[in-house]
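What follows is a set of notes on a single structure, which appears directly below.
The values are calculated or read from the model by the stated rules, or taken from the named source; none is laboratory data. Because the structure is a prediction, the values reported are computed rather than measured. Cβ placement follows ideal geometry from the backbone for every residue including glycine, while neighbour counts extend to all protein chains displayed.
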Amino acid sequence: MSPPPPQCNFKGQIVLSKIQVIATVSRAYGFLLGEAGTIFRLAWAPILIATGLNYLYGGQAIDAVLQAKNTAATGVQFDQTQFLLGVIGFLANAVVIVALLRVVIFGDRKTGLAVYFWFGATELRLVGVYILLVVAALAAVVGAGLALSVLAALAAAIPGLAIIVPIAVAALGIGLIGAALKLMIIPAVVVAENSLGVERSWALMHGNALRMFLVLVMIYIPIGIAGSLVLMAILGNDMPPSPDFQALFSGKLTPDEVRHSVDLWQLGLLKAMRMHWAEISIMNFIGGIIGAALVAGVTGNAYTALAGERH
């Protein structure tokens, strides 16, 4: 059944719908489990391409870093390779998320298709919106950094203002998190309404940021724990011992010693991952499908709860 349409209170103001936290979590996991066959059929090809490229070129980049013992040049090459692979993975996820959102919102399962890979106007619109949001976020961070620098300078000159800086930092962090939560259902709006989705997502999510935060916590903490346990099981005894954080934060080590200790641990982790690269790639393939399905399940069900079901 469709959720009831927004109603007006005694002042004639529209009362917006609210996300039901437990119901949204249940529906997201229900979509993942109940539509597993459809999800795999629509997602396997794009995710496999991204995972396969990461297996080939990501592994080569790790080899270069390990052979050069993480020199500056190979570090830059590694970062560039990871960035390009990240872009490919992002585009593959856009294709899959749009397809799965059509299942959640419209019931469009593309029945009969064994391989799905389509990058059209909706996918392009979603990618474009996220690029614009990244640019806007970077501009906001730069502006906030400048403002905090001015506050820090004033606090240094006027001791009584010192308390303002941590308050401003906390307020900025809360504001950025709140804004991100209000924009969470952009993918669903883009798919359902053929728009950029920013203004509409902001309006629908009014008063729902905290509820969405709780949904994300309940969805991703179990998945994160499970993923960590699987990774540790894969690496087994090859997992390097964790750095001595007590020594690192004791203040007894110089910055160069701290950096060297962290670099050694990172190299050990990369070596362990390279030894089990095939298993990790399989885990990434499965995790990519599960992750895209949960994004579609959460955002699609939250959207239909707030805007009503689409046909």
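Any idea how many residues of region 108-134 are outside any helix (DSSP H, G or I) and either closer than 18 Å to ILE186 by Cα or not polar (S, T, N, Q) (or both)?
Residues in region 108-134 being outside any helix (DSSP H, G or I) and either closer than 18 Å to ILE186 by Cα or not polar (S, T, N, Q) (or both): 12 in total.
Could you please give the count of residues in region 148-188 that are outside any helix (DSSP H, G or I) and surrounded by 15 or more Cβ atoms within 10 Å (Cβ to Cβ)?
The total comes to 3.
What are the residue pairs meeting all of these: first residue in region 291-311, first residue at negative phi, second residue of a type in the set (Lys, Arg) and surrounded by 20 or more Cβ atoms within 10 Å (Cβ to Cβ), Cβ atoms under 6 Å, and 6 or more apart or on different chains?
Short answer, once both residue conditions are applied: ASN301/ARG27.
List the residue pairs whose Cβ atoms are under 7 Å apart, where the first residue sits in region 229-256 and is surrounded by 10 or more Cβ atoms within 10 Å (Cβ to Cβ), the second is among the hydroxyl-bearing types (Ser, Thr, Tyr) and at pLDDT 70 or above, and the two are 6 or more positions apart or on different chains.
Pairs found: PRO243/SER261; LEU248/SER261.
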